[in-house]
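FYI, it's all coordinate maths here, none of it is from the lab. Every value quoted in this text rests on a predicted model; they were computed, and no experiment measured them. Ideal geometry is used to build each Cβ from the backbone, glycine not excepted, and the neighbour counts take in all protein chains shown.
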Amino acid sequence: MLNKKDIQSLPDDRKITIDKVGVRNVRYPITVEDRSNGIQNTVADLDIFVELPHHHRGTHMSRFLEVLNKYHKETFIKNLPDFLEEVKCALNADAAYTLIRFPYFIRKQAPVSGIASIQSYNCFFEASLQQDYILKIGVEVPITTVCPCSKEISDHGAHNQRSLVILEVYSTEFIWLEELIEKIESTASSEIYPLLKRVDEKYITEKGYENPAFVEDIVREITLLLKKDNRITSFKVESENYESIHNHNAYACVKWCKSKGRK
């Protein structure tokens, strides 16, 4: 029988509270809600932390995984408050945090041929529990943008590029990941599709040319859409162009909170 001193539980006299201590990059299967199919099984990378009081030397890392083992078969976002509460209790902490990053898969149809295929989006949940429970939902959406300036000054064509929009929202009610993805894609010069035939490529090329947009346009249009959604109380939206004719990227960001306006 192991009869050794529990070093983590020893007192500490340096009087420094650690804001977050725990485990990072835990690869684990989870279940999330899917608007079309009810649920979707995926694999997440999780960071799980607690606040460590100044009088404790260390935390018990194994307990994070012990709690997680009870939840991976549940629909995770619905059970995050219970999960964090159990983490707090298991670690005797006043605050618990988690960041859950995962690929989410949506069946998309090509715009003309109608051929269906699967596209993945990187998504994340960021949750905390102190006195109150706070959940932020995030998506990363690749899009295509065509440069308005290039179109204006060129006799033929315009340069375009792959862009990435990252959106994080805090809401008072449930929001589907698909809703956030659709809002972003509606502002793009064109959506991105996993499988296209030639008729689809023609459509996307011409659609993009007729809908040029700067990174500034993208974040402003998304802002207008999000501010109309009464469920959303704050958000951060970033857009980055991986420029095709420059050796740098173009970037824009808007932060907004309903109670304060733009931050």
Two-decimal log10 I(q)/I(0) for region 140-263, as the Debye equation yields it once each C-alpha is a single scatterer, q = 0.18 Å⁻¹: -0.94
Principal axes of region 20-131: Cα extent on each, largest first, Å: 65, 24, 20
Given 20/258; 20/260; 73/197, the pairs whose alpha carbons are separated by over 32 Å: 73/197
Theoretical ellipticity at 222 nm over the chain - DSSP helices of four or more residues, -39500 (n - 2.57) apiece, nearest 500: -7500 deg cm²/dmol
Cα-based shape type of region 104-213, given that a ≥ b ≥ c are square roots of the gyration tensor eigenvalues and the cut on a/c is 1.5: oblate
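Note the direction-averaged projected area, equal to a quarter of the hull surface, for the Cα convex hull of the chain, in nm².
So the mean shadow area of the Cα hull is 18.8 nm².
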Around residue 112: net Lys/Arg minus Asp/Glu count, Cβ-Cβ under 15 Å: +1
Förster radius 30 Å - calculated FRET efficiency between residue 60 and residue 27 (Cβ-Cβ, nearest 0.05): 0.90
Net +/- balance of residues flanking residue 64 in space, Cβ distance below 11 Å, scoring K and R +1, D and E -1: -1
Distance in nm between pseudo-label sites at residue 186 and residue 112 (7 Å out along the Cβ direction from Cα): 2.5 nm
